[in-house]
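Bear in mind these aren't lab numbers, they're just calculated from the coordinates by the rules spelled out. What you see is a predicted model, and the numbers here were worked out from it, not measured in a lab. Neighbour counts are summed over all protein chains in view; Cβ atoms, including those assigned to glycine, are modelled from backbone coordinates with ideal geometry.
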Amino acid sequence: MSNSGLQGVISEQFSLLKSLQHLNLSFNNLYGAVPDSLTNLSSLRVLDLSGNHLDSPFPEALCMAGSLTLRYDAMNGDPCNGKSPEKKSVLLKIVVAVPVVIVALLACTLTVFCFCRKQVPSVLPGCANLPCPKSHEDYKGHVHTSDSREFTYAELVAITNNFSTCIGEGGYGPVFHGELKDGTQVAVKMHSPTSATGKGMEEFLAEVFNLNL
């Protein structure tokens with residue numbers, strides 16, 4: 001009966017067809033309320049009301065019928081108010097999927113974070129048992145200081161044997177072991193915006209102290 005030119009309200013007479021399984025009233029000129037009597041059709045499996053001008057809401061028993069495939073237009077709102085089994089199933093899947101995705105993302109983030117922490121140690125190997133001075137003053141008497149001198153990049157490459165021995169690496173840049181021509185052991189720290197002040201200097205001095213040991 002789809003697209004057959006039917007007009008007016010849906011007839012109550014349909015409720016007398018107790019063995020009716022498929023009722024297709026789509027794309028007619030039907031309007032008004034969907035009769036409650038259609039809920040008495042226990043054999044009805046498919047009810048297509050799309051393409052009409054029917055009033056909302058539909059009978060709740062019709063929307064909640066689990067064995068019924070109900071088709072309708074939702075352009076002006078859901079006539080079943082989200083109570084159809086299909087919509088509930090979709091909503092349930094979304095509610096279950098969202099937490100699973102969030103947990104999976106958190107697990108991946110934690111795994112990557114732990115892997116990166118293992119790859120880049122925050123302290124020098126073998127330094128775990130060394131004393132941990134808290135200020136520059138604690139290093140006096142342990143670290144030899146001299147007048148400032150600038151080295152060219154080529155000199156630093158030679159001193160560190162092309163930066164071959166990294167003796168420390170943290171959030172303030174890597175530190176490399178080097179040796180001057182007179183045999184003096186030195187530590188060469190890569191420059192970073194924070195390496196010359198605050199904690200950066202403390203970390204550098206700790207690495208120099210470890211070198212002298």
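Things worth noting here:
- Filtering region 1-37 to residues that are of a type in the set (Asp, Glu) and either within 52 Å of the chain's Cα centre (by Cα) or assigned to a strand (DSSP E or B) (or both) leaves only Asp36.
- Residue list for region 38-67, restricted to those being in contact with a strand residue (DSSP E or B) (Cβ under 8 Å, 6 or more places away or on another chain), in a loop (DSSP other than H, G, I, E, B), surrounded by fewer than 19 Cβ atoms within 10 Å (Cβ to Cβ) and not hydroxyl-bearing (Ser, Thr, Tyr): Arg45, Asp55
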